[in-house]
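Okay, structure first, notes after.
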Amino acid sequence: MLTREQIVTWLMACAEVFQQERDFLTGLDSDIGDGDHGINMQRGFAKVAEKLPSVADQEIGQILKTTGMTLLSSVGGASGPLYGTFFIRTAQVADGHQSLTLSELHAMLREGVEGIVARGRAEPGDKTMCDAWWPALAALADAEARGIALAPALAAALSAAEKGVQATIGMQARKGRASYLGERSIGHQDPGATSSWLLLLTLARIVEEAA
């Protein structure tokens with residue numbers, strides 16, 4: 001089971017991770033975008049970390065909704081609306097929950113990704129954050145079907161997401177600012193897919209440490 005406390009720990013840890021990886025993400029975004037993705041993710045999750053103590057004792061849905069609303073209001077560029085929508089949609093599935101099974105976590109993340117797709121109209125191979133999320137969701141579905149425990153299931157999802165991130169290097173961007181570059185976007189790792197992988201990496205670490 002994924003507990004409410006672990007959700008809070010995850011989101012707080014994300015603030016540290018995006019602080020540490022700010023320049024890396026900004027470098028990726030400088031190659032094919034506006035060059036602000038790392039700065040935006042660091043700023044957004046710093047604000048989330050400020051807000052979390054006020055809702056940390058509430059149910060998971062409220063925690064995730066607060067995260068999403070905070071990202072919407074504090075993150076610029078495309079990542080604010082996309083990640084804000086992601087967390088607001090996950091909150092709908094987690095509403096009223098104090099803990100989550102693997103099945104519930106999978107449903108929650110799937111709903112979040114569907115929110116991203118609805119907002120950004122991304123399709124497989126478009127070189128977006130969804131190219132990391134879709135393989136991760138497939139791995140979670142497989143783990144759920146095989147009755148695998150939460151920690152190894154997340155490890156499998158993380159590995160699949162990492163392969164998805166690497167696959168974006170060979171893709172030509174068809175969405176967002178990177179799409180303006182046409183074929184010149186090939187050969188560059190997508191920053192949004194990378195930040196999505198970092199979110200999963202942080203969650204997998206939190207769960208693994210508690211296992």
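The values are calculated or read from the model by the stated rules, or taken from the named source; none is laboratory data. In this text the structure is predicted, and so the values were computed from the model without any measurement. Please note: Cβ atoms are built from the backbone with ideal geometry, for glycine as well, and neighbour counts cover all protein chains shown.
Report whether or not residue 35 is surrounded by fewer than 19 Cβ atoms within 10 Å (Cβ to Cβ) and in contact with an Asp or Glu (Cβ under 6 Å, 6 or more places away or on another chain). Taking the combined requirement at face value, the residue satisfies it.
Please go through segment 66-77 and give me each residue that is surrounded by fewer than 21 Cβ atoms within 10 Å (Cβ to Cβ), of a type outside the set (Ser, Thr, Tyr) and within 27 Å of residue 32 (Cβ to Cβ), ordered by number.
Residues satisfying the conditions are 72, 76, 77.
Is it true that residue 76 is assigned to a loop (DSSP other than H, G, I, E, B), under 23 Å from residue 46 (Cβ atoms) and out of contact with any Pro (no Cβ under 6 Å at 6 or more places or on another chain)? The answer is yes for residue 76.
Just one of the listed residues (96, 164) is assigned to a loop (DSSP other than H, G, I, E, B) and not β-branched (Val, Ile, Thr), namely 96. If you check 23, 57, 95, which single one turns out to be under 18 Å from residue 112 (Cα atoms), surrounded by fewer than 16 Cβ atoms within 10 Å (Cβ to Cβ) and over 16 Å from the mean Cα position of the chain (by Cα)? Exactly one of 23, 57, 95 is under 18 Å from residue 112 (Cα atoms), surrounded by fewer than 16 Cβ atoms within 10 Å (Cβ to Cβ) and over 16 Å from the mean Cα position of the chain (by Cα), namely 95. The set of residues in segment 44-66 that are outside any loop (DSSP other than H, G, I, E, B) and either under 18 Å from residue 197 (Cα atoms) or of a type in the set (A, V, I, L, M) (or both) comprises 44, 45, 46, 48, 49, 52, 60, 63, 64.
The sole residue among 153, 178, 173 that is in a helix (DSSP H, G or I), at pLDDT below 95, hydrophobic (A, V, I, L, M, F, W, C) and more than 15 Å from the chain's Cα centre (by Cα) is 178. Just to be sure, is residue 34 touching a residue at least 60 places away in the same chain (Cβ under 8 Å) and not in a helix (DSSP H, G or I)? When the stated conditions are applied, residue 34 passes them.
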